[in-house]
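Report on the structure given below.
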Amino acid sequence: MSARPASDDAQLTAIYQELILDHYRRPRNKGPAPDAPNVRTAECRNPLCGDEVTLALVLDADGRVADARFTGRGCSISQASASMLTEAVRGKTREEAEALVERFSALMRGDPDAADDPSLGELRALSGVSRFPARVRCATLAWSALAELL
């Protein structure tokens, strides 16, 4: 990873913060589980702060994620992360989704390569969370539910 000028870092941080707030204010794919025979759900809670997320996945006959939705309540980080997850996982095979969980986990551990990994797309906006250990659980709540479902 190459070093960026401080002004670039400040601009990137501002863009990332705005993206997180956008997903929090206008969450994508938030709503009850679809009425489908092959829907799977998992619920995760953070007892320390009260955040909760229920993730619902529909896998098609080929094992691809056909639909992903979530419900829950909590801080901007937990809800934005759940919203971003539902967008990132759609269309992925089980193996691709598992790899995404692993890559996101690396991002939350502060891995600089993950922070620059274009395969994570918008999820990189959450990279700054790794500097705040108490907030990592917020960001990974929906991801724990996804790992449980896979």
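The values are calculated or read from the model by the stated rules, or taken from the named source; none is laboratory data. A quick note: this is a predicted structure, and the numbers were derived from the prediction, not measured. Neighbour counts run over all protein chains shown; Cβ positions are idealised from the backbone, glycine included. Only protein heavy atoms, including side chains, enter the accessible area calculation; ligands, DNA and RNA are left aside. Shrake-Rupley method; radii C 1.70, N 1.55, O 1.52, S 1.80 Å.
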Overall Cα dimensions of the range 77-150 - principal axes, largest extent first, Å: 31, 22, 16
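How high is the relative contact order of the range 2-150? Use alpha-carbon pairs under 8 Å, at least six apart in sequence, and give a whole percent. Mind showing how you got there, number by number?
Details: 250 pairs, mean separation 38.7, N = 149.
It comes to 26 percent, rounded to a whole number.
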Restricting to DSSP H runs of at least four residues, report the calculated mean residue ellipticity at 222 nm for the chain, -39500 (n - 2.57) per run over all residues, nearest 500 deg cm²/dmol. -15000 deg cm²/dmol
Of Pro32, Pro47, Pro112, the one that fluctuates the most in a GNM where the chain has Cα springs shorter than 10 Å: Pro47
Nearest-10 value in Å² for the accessible area of Leu120, using the 1.4 Å probe: 10 Å²
Where labels lie 7 Å past Cα in the beta-carbon direction, separation of Cys49 and Asp111 in nm: 2.3 nm
Given the options Ala36, Ala80, Ala97, state which has the largest fluctuation in a GNM of the chain using a 10 Å cut-off (strictly under) for Cα springs. Ala36
Which whole-percent values make up P(r) of the chain when all C-alpha to C-alpha distances are grouped in 10 Å steps starting at zero? 12, 43, 33, 10, 1, 0
Only Cα pairs within less than 10 Å get springs; with that Gaussian network setup on the chain, which residue of Ser119, Ser83, Ser127 has the largest fluctuation? Ser119
Where labels lie 7 Å past Cα in the beta-carbon direction, separation of Arg64 and Lys30 in nm: 2.8 nm
Please report how far the C-alpha centroid of the range 13-45 lies from that of the range 101-150, rounded to the nearest whole angstrom. 15 Å
